[in-house]
1. What residue, among those in the stretch 305-350 that are of a type in the set (Val, Ile, Thr) and either assigned by TED's automatic domain parsing to the domain that holds VAL194 or within 22 Å of GLY59 (Cα to Cα) (or both), is surrounded by the fewest Cβ atoms within 10 Å (Cβ to Cβ)?
2. Only residues that are surrounded by 20 or more Cβ atoms within 10 Å (Cβ to Cβ), among the acidic types (Asp, Glu) and closer than 20 Å to PHE42 by Cα: list them for the stretch 362-417, please.
3. Could you list all residues from the stretch 260-299 that are touching a residue at least 40 places away in the same chain (Cβ under 8 Å), among the polar types (S, T, N, Q) and either farther than 18 Å from MET78 by Cα or part of a loop (DSSP other than H, G, I, E, B) (or both)?
4. Is one or more of the residues making up the stretch 223-230 outside any helix (DSSP H, G or I), among the polar types (S, T, N, Q) and at pLDDT 95 or above?
5. Residues of the stretch 122-159 being assigned to a strand (DSSP E or B), among the acidic types (Asp, Glu) and either touching a Phe, Trp or Tyr at 6+ places or on another chain (Cβ under 9 Å) or over 23 Å from THR186 (Cβ atoms) (or both), which ones?
6. Filtering the stretch 151-185 down to residues that are β-branched (Val, Ile, Thr) and more than 25 Å from the chain's Cα centre (by Cα), which residue is farthest from ASP139 (Cα to Cα)?
7. Within the bounds of the stretch 232-246, is there any residue that is out of contact with any strand residue (DSSP E or B) (no Cβ under 7 Å at 6 or more places or on another chain), touching a residue at least 12 places away in the same chain (Cβ under 8 Å) and crowded, with 18+ Cβ neighbours inside 10 Å?
8. Scan the stretch 194-215 and give yes if some residue there is small (Gly, Ala, Ser) and exposed (fewer than 13 other Cβ atoms within 10 Å of the Cβ), otherwise no.
Amino acid sequence: MQNLTILIIGFTLILFACTSNQPEKIITLDANQRLNSTLESFVEDGRVVGVSALIFEKGEEVYFGAYGDANREMGVKMDRGTIVQIYSMTKPITGTALMQQYELGKFKLDDPLEDYLPEFGDLKVYEGDDEEGNPILSDTKRPITIRDITRHTAGFANDTNAPYTGTLLAEASLFDFNNTLKETVTGLSEIPLVFHPGEKWFYGPSVDVQAYLVEVLSGQPFEEYIQEHILDPLGMNETRYFVPESDRDQMSSAYFKNEEGELNQISDIQAHDLNINPYSLKPGGWGLTSTLDDYQTFARMLVNIGSLNETQILKPETVELMSTNHLSEDVKDRLWLPSKGQVGFGIDFAVRLAPPVDENENQGEVGEFFWDGAATTLFWVDPVNELTAVLFVQIFPYDGSLHKDFRDAVYSSFESN
């Protein structure tokens, strides 16, 4: 009996030691309650009409929550199967497609873009107007590289209100839904750059150029390529440009917040136009729809450094390359990127470089990479804690305060190492 008691005590001590050495979990019971309270408050305070979120940690689902309505006017609740327009969260999927071509040896990051897309071979940079009001156009100091189009340093015009290039952009109608990717990119190549390649970070149509480059390198239409090489292998069956009529009752409506803070529905016919009509344009920078589980699948592939459920999408070293900062310290002008915290930019992701300086900055771990979308969707990959988070709402204008509060709910009780 004494020996049995000793064995039980010994086993208990071993079990306790093993348990005490386990990494600290972020999504505890308290965190779950905090997340529920946060998401519910988004709806109750009138900040959103509907919201949902899904978090995995160390390979396990640790949180799901959905509050409010996907379509308030029709009384349709936000739920796990709600389809949303992810806008710029399309970009990391495009970057994944491009880097699959990189793995095949089709290009190097510092290759001139013109080597593959000759239309970018004779670019000019708009440097202002002369005394007579004529545009001053100069030769580029160096060619645009493929690295430039992966980190938004190419110099492409992206503001219809800007002097000279703004008028050209408006007249070109680059993103007419009846355009092909080739027509969009060819039109872009005919508009002068707004700065010399590599000198600034300026968010724009670079990822649409990436998508067209995938078409050229693979010999396959971009939509077909991502379907065959990313979406189908991962089982992302509800991530697509065109949503069939049978699934449209799952689509969330979009809402616009006016100056009085009221959320008004944007007509579904207007908001969903690209996704419910058989247009030619399949942008690389935006345009996909998805569900929480589908996009979480993509995020989990990334946190697993390129593979999920024995399906390899990227090599580990490629994911590491994509999630490494590629912005030099010499690039001081970074538009609104600093508003996302102390971050750099990799290949179609922002990359966290330093811990938050105070409680006013977005919470997160160094090494995290992430991106968001125009309708205020968000996802991030936290390799340190093996955590992936996806947040879905559908509101305009973009509201980064929702992301701040959501991140606070995830990390507020966790002390970073």
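The values are calculated or read from the model by the stated rules, or taken from the named source; none is laboratory data. Quick caveat: nothing in here was measured; it's all calculated off a predicted structure. Neighbour counts are summed over all protein chains in view; Cβ atoms, including those assigned to glycine, are modelled from backbone coordinates with ideal geometry.
1. The extreme case among them is THR311.
2. Matches in the stretch 362-417: ASP372 only.
3. Within the stretch 260-299, ASN275, ASN277, SER280, THR291, THR297 meet the criteria.
4. no
5. Of the stretch 122-159, the ones assigned to a strand (DSSP E or B) are 124-129, 135-139, 145.
Those still in the list that are among the acidic types (Asp, Glu) too: 127, 129, 139.
If the condition is that a residue be assigned to a strand (DSSP E or B), among the acidic types (Asp, Glu) and either touching a Phe, Trp or Tyr at 6+ places or on another chain (Cβ under 9 Å) or over 23 Å from THR186 (Cβ atoms) (or both), then GLU127, ASP129 are the ones that fit.
6. THR167
7. yes
8. Among the residues of the stretch 194-215, not one is small (Gly, Ala, Ser) and exposed (fewer than 13 other Cβ atoms within 10 Å of the Cβ), which makes the answer no.
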